[in-house]
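Q: Sharing a structure below in structure tokens format, with a few things to ask.
Nothing in this text is a laboratory measurement; each read-out follows from the coordinates by a stated rule. Quick caveat, the model's predicted, so the values are computed rather than measured. Every residue, glycine as well, gets a Cβ built from its backbone with ideal geometry; the counts of neighbours run over all protein chains shown.
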Amino acid sequence: MTDRIVKYIHLTLGALCVALGVIGVFLPVMPTTIFLILAAFFFTKGAPRLRQMLLDNARFGPSIQNWEETGAIPRRIKLVSIAMMMSSFIPTLLLRVPPLYLGLQAVLIGIGALYILTRPDA
């Protein structure tokens, strides 16, 4: 692939992540910050000026910079994230999902929670 195509792919993915992040501002079940962190990553190659705009944002810029510098997640966000993962498991139990899917969801939630818990506190 040419550099120009790669740049447009990164730009497109960054724009998609920003759009998902904006949706997350209004929908409590959608995360916002992680999509903006991904957008900053994609904008590194696709649109450095847009990346800088994200970093300069008073609300989200510090979270993006914390993540890029230390991989840190604020303790409150860790707790909320794990609580939401656990609460998403409840409907699976109530709907009597087949054991294979129940087990798969439990393993994936466990892996996600473990990853979050091993990140440093911001």
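Q: Taking Cα atoms of the range 75-118, Rg/Rh with Kirkwood Rh, to two decimals?
A: On the Cα set of the range 75-118, Rg over Rh gives 1.03.
Q: Continuing with the same structure: Compute the relative contact order of the range 1-102 as a whole-number percentage, counting only Cα pairs closer than 8 Å that sit 6 or more residues apart in sequence.
A: Relative contact order, the range 1-102: 19 percent.
Q: Show me the ranking of peptides 91-103, 68-80 by mean Cβ neighbours inside 10 Å, starting with the highest.
A: 68-80, 91-103
Q: Which helices count as membrane-span-like in the chain under these terms: full DSSP H, at least 24 Å along the axis by C-alpha, Kyte-Doolittle mean of -0.5 or more?
A: 3-26, 75-94, 99-118
Q: Go through 26-33, 15-22, 38-45 and give me the packing order, highest mean Cβ count within 10 Å leading.
A: Most protected by this proxy first, the peptides run 38-45, 15-22, 26-33.
Q: Anyone know which of Leu36, Leu11, Leu104 comes out most mobile in the 10 Å Cα GNM of the chain?
A: Leu104
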